[in-house]
Amino acid sequence: AQSVTQLDSQVPVFEEAPVELRCNYSSSVSVYLFWYVQYPNQGLQLLLKYLSGSTLVESINGFEAEFNKSQTSFHLRKPSVHISDTAEYFCAVRRTSGTYKYIFGTGTRLKVLA
Amino acid sequence: DVKVTQSSRYLVKRTGEKVFLECVQDMDHENMFWYRQDPGLGLRLIYFSYDVKMKEKGDIPEGYSVSREKKERFSLILESASTNQTSMYLCATNPPGQQAYEQYFGPGTRLTVT
């Protein structure tokens, strides 16, 4: 079975400061890794994903995440946040074969302060 | 763009009522999912369907059933609503094959059971 842990339920940060949202996972089989973002009153949308290859993946709005197999982590980072980044962020995993089920973390609420 | 629509954004029902939540997608995706989202618990899978009339239980199916008579429509049914089913319900789809890694979410239905 797979599990995802997001240790920080809320992260307040000032505008233009860097941020890191932590995600650790547990799985005995290989997995795909995802970060989804949920803006207020909206559904989730994919922010970035790791399928294979380069362990550093980037999104179009400046976020990046690094897959670390030895530490079973997939932390999300941004060097300088904006007010518009205020949202809830979910880390998720899915086995690379055998099922379409996704396992989501409990979410981290990022609040960017002016 | 993939469009996933849910029949209601907000719904208020009484304890014991039968409740139908509808989800429609316009991209001919085979896989459809129902989640509930609760603060501090993240997204939990209720049911998913990988084809018409095919369904599989997720992690928390108790008190729910589903129906998939047509490929584009996946319904979640609360046979006898209870207050502990007050939650945000999210529908998601993903395409088959090589692009099966991304889920597309609807805007959600916030259900209150009084």
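Would you point out the residue of the range B:79-100, among those that are open to solvent by 20 Å² or more (accessible area, probe 1.4 Å) and part of a loop (DSSP other than H, G, I, E, B), that is farthest from the other protein chains (Cβ to nearest Cβ)?
Within the range B:79-100, the first condition is being open to solvent by 20 Å² or more (accessible area, probe 1.4 Å), and the residues that meet it are B:79-80, B:82-84, B:86, B:88, B:96-99.
Add one more test, that the residue is part of a loop (DSSP other than H, G, I, E, B), and what stays is B:79-80, B:82, B:86, B:96.
Details: B:79: 24, B:80: 27, B:82: 23, B:86: 17, B:96: 9 Å.
The qualifying residue farthest from the other protein chains (Cβ to nearest Cβ) is B:80.
Could you figure out which of (1) open to solvent by 50 Å² or more (accessible area, probe 1.4 Å); (2) closer than 17 Å to residue B:109 by Cβ; (3) not aromatic (Phe, Trp, Tyr) isn't true of residue B:76?
Every listed condition holds for residue B:76 apart from (1).
Considering only the range B:50-62, state which residues are surrounded by 15 or more Cβ atoms within 10 Å (Cβ to Cβ), within 11 Å of another protein chain (Cβ to nearest Cβ) and outside any strand (DSSP E or B).
Of everything in the range B:50-62, just one residue is surrounded by 15 or more Cβ atoms within 10 Å (Cβ to Cβ), within 11 Å of another protein chain (Cβ to nearest Cβ) and outside any strand (DSSP E or B), namely B:58.
Could you tell me whether the range B:27-49 includes any residue that is surrounded by fewer than 13 Cβ atoms within 10 Å (Cβ to Cβ), part of a loop (DSSP other than H, G, I, E, B) and in contact (Cβ under 8 Å) with a residue 24 or more places away in the chain?
Scanning the range B:27-49, I find at least one residue that is surrounded by fewer than 13 Cβ atoms within 10 Å (Cβ to Cβ), part of a loop (DSSP other than H, G, I, E, B) and in contact (Cβ under 8 Å) with a residue 24 or more places away in the chain, so the answer is yes.
Name every residue in the range A:43-66 that is buried (at least 17 other Cβ atoms within 10 Å of the Cβ) and away from chain B (no Cβ under 14 Å), in order of residue number. Can you show your working first?
Within the range A:43-66, the subset buried (at least 17 other Cβ atoms within 10 Å of the Cβ) is A:43-44, A:47-50, A:57, A:63, A:65.
Hits for the range A:43-66 are A:63, A:65.
If a residue has to be without any contact (Cβ under 8 Å) to a residue 60 or more places away in the chain and over 27 Å from residue B:89 (Cα atoms) to count, how many in the range A:22-62 make the cut?
The qualifying residues number 12.
For the range A:60-76, check the following and say yes or no: at least one residue is under 23 Å from residue B:59 (Cβ atoms) and more than 15 Å from the chain's Cα centre (by Cα).
No, the range A:60-76 contains no residue that is under 23 Å from residue B:59 (Cβ atoms) and more than 15 Å from the chain's Cα centre (by Cα).
Going through the range A:1-19 one residue at a time, which ones are surrounded by 15 or more Cβ atoms within 10 Å (Cβ to Cβ) and either modelled with pLDDT under 90 or away from chain B (no Cβ under 11 Å) (or both)? Step through it out loud before you land on a result.
Pass one, the range A:1-19, residues surrounded by 15 or more Cβ atoms within 10 Å (Cβ to Cβ): A:2, A:4, A:6, A:8, A:11, A:13, A:19.
A:2, A:8, A:11, A:13, A:19, listed by residue number.
Within the range B:1-11, count every residue that is open to solvent by 50 Å² or more (accessible area, probe 1.4 Å), closer than 16 Å to residue B:90 by Cα and of a type outside the set (Gly, Ala, Ser).
So in the range B:1-11, the residues open to solvent by 50 Å² or more (accessible area, probe 1.4 Å) come out as B:1, B:3, B:5, B:7, B:9-10.
Retained after the next criterion (residues that are closer than 16 Å to residue B:90 by Cα): B:3, B:5, B:7, B:9-10.
Going one step further and asking which of them are of a type outside the set (Gly, Ala, Ser), we end up with B:3, B:5, B:9-10.
Going through the range B:1-11 one residue at a time, the tally reaches 4.
The values are calculated or read from the model by the stated rules, or taken from the named source; none is laboratory data. Since the structure is predicted, the reported quantities are computational estimates derived from the model, not experimental observations. Cβ: placed from backbone, ideal geometry, glycine included. Neighbour counts: every protein chain shown. Ligands, DNA and RNA are excluded from the accessible area calculation, which covers all protein heavy atoms including side chains. Shrake-Rupley method; radii C 1.70, N 1.55, O 1.52, S 1.80 Å.
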